[in-house]
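Here is the structure we will look at, set down as structure tokens.
A short reminder: the numbers here are calculations on the coordinates, not readings from a lab. None of the values given here were measured: they were computed from a predicted structure. FYI the Cβ positions are ideal-geometry reconstructions off the backbone, even for glycines, and counts take in every protein chain you see.
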Amino acid sequence: MADRPLGQIKDTCCDYQSVESIQGDTFAKIQELMKARFFRYYKLNLWRECPFWNDNGLCMNRDCAVETTDESLLPKEWRQDALGALKMSPVGSTFQPFKVCTYKDQDFCLQEDPLDSDTVYVNLLDNPERFTGYSGESAWKVWKAIYEENCFNIVDKMAEGCPTCAATNQHESQAIGLAPAPSNKADLDTLLKDLAAHPDNPNEVCLEKRVYYRLISGLHSSISIHICDEHFDRTTGNWGPDLQCFVNRIGVHPERLQNIYFTYALVIRAIAKLEEYFSEYPFKTGDNAEDSRTREMIHGLIKSTRECPPTFDEKSMFKSDNAKSLYVEFRDHFRNVSRIMDCVGCEKCRLWGKIQTTGLGAALKVLFAYEEQSLKYSTNPSLLQRGEIVALFNTFNRLSESLEAIQKFRRLYSDRIAPPSSSLIEKVWCNVKYLFAQGIRSIFHLSSSMQVPIPKFLTHLLQQQVNL
């Protein structure tokens with residue numbers, strides 16, 4: 001069996017094994033839930049102008065295009081809700097309704113205006129997130145704005161001790177070919193197993209800023225995995241996993257793998273807190289039986305998480321003397337990130353970027369903006385808009401698919417290191433090398449923690465990855 005990550009996930013209440021256990025119990029359930037009518041359709045404005053810079057760099061590749069849905073095919077209840085809002089809106093001299101405020105104080109991201117005539121419905125099953133060919137200056141500019149202007153200026157600090165992290169701010173074309181796929185079991189261990197949290201550094205960034213950065217990095221890494229897992233092979237004309245793409249974007253960056261698990265843990269905590277809310281929520285698909293099934297599926301999904309302790313402690317956040325200002329800064333930075341999604345030049349990338357930032361924003365709102373007693377539909381029916389609920393669960397599904405893809409890439413790694421057709425002797429020799437490398441690595445870490453000089457020959461062996 002391929003190696004699995006071990007140890008505590010930094011800044012959470014759980015370890016990698018617990019997250020993978022939840023993932024194993026919930027993956028089939030979230031996949032089935034996404035087929036439900038309520039979660040298939042998402043309403044948004046795909047063509048809102050970029051508010052931060054002038055950019056006409058739209059992707060002309062046909063894979064970038066989004067197929068919209070005829071509203072007449074959707075439940076009457078959804079259209080009636082929008083018409084009801086329209087009728088209740090005051091009318092100006094031009095007979096145009098006042099647009100609703102796009103933010104409430106509790107919101108962590110830009111909300112779609114239901115009265116906006118430019119909004120459209122999209123069937124998410126017909127528009128999967130995958131590689132579209134969108135890259136270059138436009139894509140780089142989006143992530144540069146997020147990391148450099150909306151991450152508390154802590155990117156360099158968070159990347160300390162990671163020699164490959166400099167590629168984060170490089171142009172994508174410069175990063176390609178950064179590293180080869182691993183060629184032995186020790187390499188695999190370095191990439192996918194040694195993810196456990198290290199002891200706290202008294203000089204490290206405060207918890208709130210670390211959480212924010214890990215969330216953004218986890219989102220970015222998850223999106224990268226989707227691209228690598230659904231990559232178009234121009235030679236064969238088929239879609240499938242691209243191992244080298246995964247290695248370049250994720251595999252040589254252990255901290256990015258950590259942050260995907262972190263983001264998953266945070267989102268599942270938010271969903272678990274909404275159990276009572278969804279037990280009362282009216283899904284309004286026009287089919288009472290469908291609504292009941294959807295409610296039961298959500299209940300079953302949340303029930304599967306109860307076997308593990310809470311994955312994230314939101315009450316540990318915003319406790320310092322400057323908690324109020326830090327909270328506002330945290331929220332406003334994330335709001336900016338949600339607005340930056342309107343600067344993405346690829347329609348399909350923009351669609352999924354907006355969905356996933358909205359989903360994370362909904363999770364943050366649930367965790368940080370409301371007390372427990374306010375997380376009930378009977379007392380707070382306006383807690384979440386329909387679009388936020390659709391986005392929250394689709395985001396959880398995308399994170400789940402990322403963890404599933406990581407396991408797939410583990411198997412690809414293992415097959416490359418010791419193919420299934422290898423002889424028994426070859427497999428035994430491969431495992432002997434792996435165990436030897438593990439022993440050397442353990443000595444190295446122990447010596448470092450005790451500040452004991454490390455013999456040069458051990459350092460040399462470790463640097464060579466014990467490639468015997």
(request) Kindly state, to the nearest 0.05, the FRET efficiency for ASN380 paired with ASP63, given R0 = 56 Å and r defined as their beta-carbon distance. (result) 0.85
(message) Give me the one-decimal nm value for the distance between modelled label points at GLN8 and LEU125, 7 Å along each residue's Cα-to-Cβ direction.
(response) 4.3 nm
(request) Would you grab the residues whose amide H sits under 5 Å from the one on CYS14? Only those 5+ places off in sequence or on another chain, please, with H modelled 1.01 Å from N. (result) ILE9
(request) Calculate one ³J(HN,Hα) per residue across segment 358-369 by plugging θ = phi - 60° into the Karplus curve 6.51 cos²θ - 1.76 cosθ + 1.60, and present them in order as whole Hz with x for glycine and proline. (result) 5, x, 5, x, 5, 4, 5, 4, 5, 6, 10, 9
(request) Quickly work out the ASN322-to-ARG79 label distance, labels modelled 7 Å from Cα along the C-beta direction, and quote it in nm with one decimal. (result) 5.3 nm
(message) I need the phi-derived Karplus couplings for segment 45-54: 6.51 cos²θ - 1.76 cosθ + 1.60, θ = phi - 60°, integer Hz, Gly and Pro marked x.
(response) 9, 7, 10, 5, 5, 5, x, 10, 7, 7
(request) Using θ = phi - 60° and the Karplus relation 6.51 cos²θ - 1.76 cosθ + 1.60, list the HN-Hα couplings for segment 332-337 in order, rounded to whole Hz, with x at every Gly or Pro. (result) 5, 4, 5, 4, 4, 4
(request) Output the peptides 135-144, 35-44 sorted from most to least packed, where packing is the average of other Cβ atoms within 10 Å over each peptide's residues. (result) 35-44, 135-144
(request) List ASP332, ASP118, ASP321, ASP113 from most exposed to least, where exposure is judged by having the fewest other Cβ atoms within 10 Å. (result) ASP321, ASP118, ASP332, ASP113
(message) For the pairs LYS319/LYS365; LYS104/LYS324; LYS273/LYS365; LYS144/LYS324, flag any whose C-alpha to C-alpha distance is greater than 23 Å.
(response) LYS144/LYS324
